[in-house]
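Q: Next up is a structure, given as structure tokens.
Bear in mind that the values in this text are calculations on the coordinates, not laboratory data. Please read all numbers here as calculations on a predicted model, not as lab measurements. Note that we place each Cβ from the backbone using ideal geometry, even for glycine, and neighbour counts take in every protein chain shown.
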There are 2 protein chains.
Amino acid sequence: MNKRAMIMTMLLAACGLAHAAGENGAREQTIFRAGAAPSSNGPAANFDGKVHVDPLFPAGAQGSFSAATVNFEPGSRSAWHTHPAGQYLIVTKGTGWTQAEGGPVEELHAGDAVWCPPGVKHWHGATPTTAMSHIALTATRDGKNVEWLEKVSAQQYRR
Amino acid sequence: MNKRAMIMTMLLAACGLAHAAGENGAREQTIFRAGAAPSSNGPAANFDGKVHVDPLFPAGAQGSFSAATVNFEPGSRSAWHTHPAGQYLIVTKGTGWTQAEGGPVEELHAGDAVWCPPGVKHWHGATPTTAMSHIALTATRDGKNVEWLEKVSAQQYRR
């Protein structure tokens, strides 16, 4: 683990503790400040093109969703993957694409939301010519929230 | 129930069915399109000032969170209330305020997120001079996701 990743893990752990404390009877809210945790780049193993992730909040005891904003530059997209406990996407900016295996490539605009059920193989990203940002709300099961698969080929990445 | 509210309820019910179907073994994603459900105004009983709500997705079997964007004009705010199963807020635009009972009024900016634990009495809204929009992710327990209480007085609405 590099230094940046370690700092991020520590920050998220600290957030997680505050978070949990808020749920164990404390009569207060927990505020996760923008910029408190660093952005990270979508790793080349799991993404094509330039992608960066801004954490919003970590998984807590309640609901076990974590949230992050994911920013896709034009042409960038995730690899195929599944979520063991499902994932919501809320598009906040731009125009992008998503596809569940065997289904059509669907175009997404700001204000659209997507529910990807547990175990459904999908990908999501920008279009070849437009950037897209979405909030990802990813549920956790047994400490795991994603299983990465093969890249989306150039042939698959079209509509 | 007026006609508009009835249409909205029907739309949300339809979304809910599609949503549930996606979770019962279907190998596909559910897309909730921006504009598919109408905006509604924050009712005067529970809000001061001009507030409108844009639904994102209804509560599903998974996680039982619903999501909506809530838009507060300057000076507008919710009444005091609690959430039986908790609520996340993700600020998407502008600057606003929130307070948990007994705590300070906290200022919120775009990119900030808030976790309000189950049963914590809070309010949220714009500042007197700036608008604020946030996504509200509200968990449901026994079919209920909010209990409304008294209005936030002019004396409480300051920082």
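Q: How far, in nm to one decimal, is residue B:119 from itself in the other copies if the label point is set 7 angstrom along Cα toward Cβ? Shortest first, please.
A: 3.6
Q: What is the calculated FRET efficiency for residue A:141 to residue B:146, with r their C-beta to C-beta distance and R₀ = 25 Å, to the nearest 0.05?
A: Efficiency, from the Cβ-Cβ distance: 0.35.
Q: Relative to the other copies, what are the label-point distances for residue A:38, with labels 7 Å from Cα along the C-beta vector, expressed in nm at one decimal and sorted shortest first?
A: The projected label point of residue A:38 is separated from its counterparts by 5.0 nm.
Q: Peptide A:86-95: average number of partner chain Cβ atoms within 10 Å per residue?
A: 4
Q: In terms of modelled amide H atoms, which long-range or inter-chain residues lie less than 5 Å from the amide H of residue B:100?
A: Amide H to amide H, under 5 Å and 5 or more residues apart or across chains, residue B:100 pairs with A:29.
Q: Okay, moving on. Under the Karplus relation 6.51 cos²θ - 1.76 cosθ + 1.60, θ = phi - 60°, what is the ordered set of whole-Hz ³J(HN,Hα) values for the stretch A:87-95, x standing for Gly and Pro?
A: Each residue's phi maps through the Karplus curve to give 7, 9, 10, 10, 6, 10, 7, x, 9 Hz.
Q: I need the calculated FRET efficiency for the pair residue B:40 and residue A:109, taking r as the beta carbon distance and R₀ as 30 Å, to the nearest 0.05.
A: It comes out at approximately 0.90.
Q: Search the structure for amide H atoms under 5 Å from the amide H of residue A:60, placed 1.01 Å from N in the peptide plane, and list their residues when 5 or more places away or on another chain.
A: A:65
Q: Between the stretch B:128-159 and the stretch B:60-111, what is the C-alpha centre distance in whole Å?
A: Value for the Cα centre distance between the two parts: 6 Å.
Q: Which distances, in nm and shortest first, link the residue A:156 label point to the same label point in every other copy, taking 7 Å along Cα→Cβ?
A: Distances between equivalent label points, in nm: 5.2.
Q: Give me the distance in nm between label points sitting 7 Å out from Cα along the Cα-to-Cβ direction at residue A:33 and residue A:101, one decimal.
A: Between residue A:33 and residue A:101, the label points sit 4.4 nm apart.
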